[in-house]
Amino acid sequence: MKAATVMVLGLGLLAPLASCDRAVQGRVQGARSPWLEPVMKTASSVGRPQLVFAALLGVAVLGGPGGPALAREVLAVLVPANAIVEATKLGVGRVRPDGDRGRSNSSMPSSHAANAFALAAWVAWRWRRAVAPAVAAATLVAGSRVYLNRHFLSDVVIGAAIGVACVWFVLRWTRRGGRQWVEHGRFGRRPRAT
């Protein structure tokens with residue numbers, strides 16, 4: 001009986017969300033403009049998980065002595081974010097706004113938004129002065145997915161929340177039990193005061 005009640009309440013909460021998603025989708029698709037197409041396609045391409053991981057490999061190989069450490073830090077937040085996104089996609093199986101029904105590539109949540117906002121949150125933690133451009137870039141990537149009709153608004157919002165939450169949890173984990181980023185990004189224990 002409790003499960004049925006929770007399900008009915010959950011569906012009742014999802015109905016307004018779906019209505020809002022459809023309303024935003026209609027407005028965004030109605031406002032598409034030829035001059036914005038290349039901008040949004042480029043932003044969407046930059047946010048592809050494969051490209052993000054390839055860029056990290058480039059940072060690790062070509063980034064000098066600190067490159068591998070930076071790549072490890074970013075991987076520490078992106079790997080759990082992507083694992084959560086992919087598991088959620090399989091579990092939810094939401095059809096994309098453009099009609100794509102592939103369950104493993106479902107609409108909810110957006111991996112582009114999760115990766116973009118995880119990177120923005122990590123940048124905000126690492127380099128405070130870069131917060132505004134990092135958040136602007138993440139917003140552009142996430143917005144491009146709605147603009148290109150690949151995701152609903154709630155998909156990118158939930159993806160962004162997953163990315164930020166993963167950074168928060170990883171940072172808490174590193175601090176818990178005395179761990180911190182030491183020796184160029186490796187996790188370790190803080191030496192105890194003697």
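The values are calculated or read from the model by the stated rules, or taken from the named source; none is laboratory data. Worth saying up front: this structure is predicted, and the values here are computed from it rather than measured. Virtual Cβ from ideal backbone geometry, glycine too; neighbours counted across all protein chains shown.
The table below gives the values:
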| quantity | calculated |
| --- | --- |
| The one condition in (1) hydroxyl-bearing (Ser, Thr, Tyr); (2) within 21 Å of Ile162 (Cα to Cα); (3) modelled with pLDDT of 85 or more that Thr42 fails to fulfil | (2) |
| In the range 157-190, residue modelled with the lowest pLDDT [restricted to those that are surrounded by fewer than 17 Cβ atoms within 10 Å (Cβ to Cβ) and of a type in the set (Phe, Trp, Tyr)] | Phe187 |
| Tally, over the range 138-161, of residues that are more than 12 Å from the chain's Cα centre (by Cα), aliphatic (A, V, I, L, M) and part of a helix (DSSP H, G or I) | 3 |
| Matching residues in the range 72-95 - criterion: being crowded, with 18+ Cβ neighbours inside 10 Å and either over 20 Å from Thr174 (Cβ atoms) or without any contact (Cβ under 8 Å) to a residue 40 or more places away in the chain (or both) | Asn82, Val85, Thr88, Lys89, Arg94 |
| Residue count for the range 96-130, restricted to those that are of a type outside the set (A, V, I, L, M), within 17 Å of the chain's Cα centre (by Cα), surrounded by fewer than 24 Cβ atoms within 10 Å (Cβ to Cβ) and closer than 15 Å to Trp168 by Cα | 2 |
| Subset tally (residues that are under 22 Å from Gly99 (Cβ atoms) and not in a helix (DSSP H, G or I)) for the range 37-83 | 2 |
| Matching entry among Ala132, Ala114 (being under 20 Å from Ala71 (Cβ atoms) and of a type outside the set (Lys, Arg)) | Ala114 |
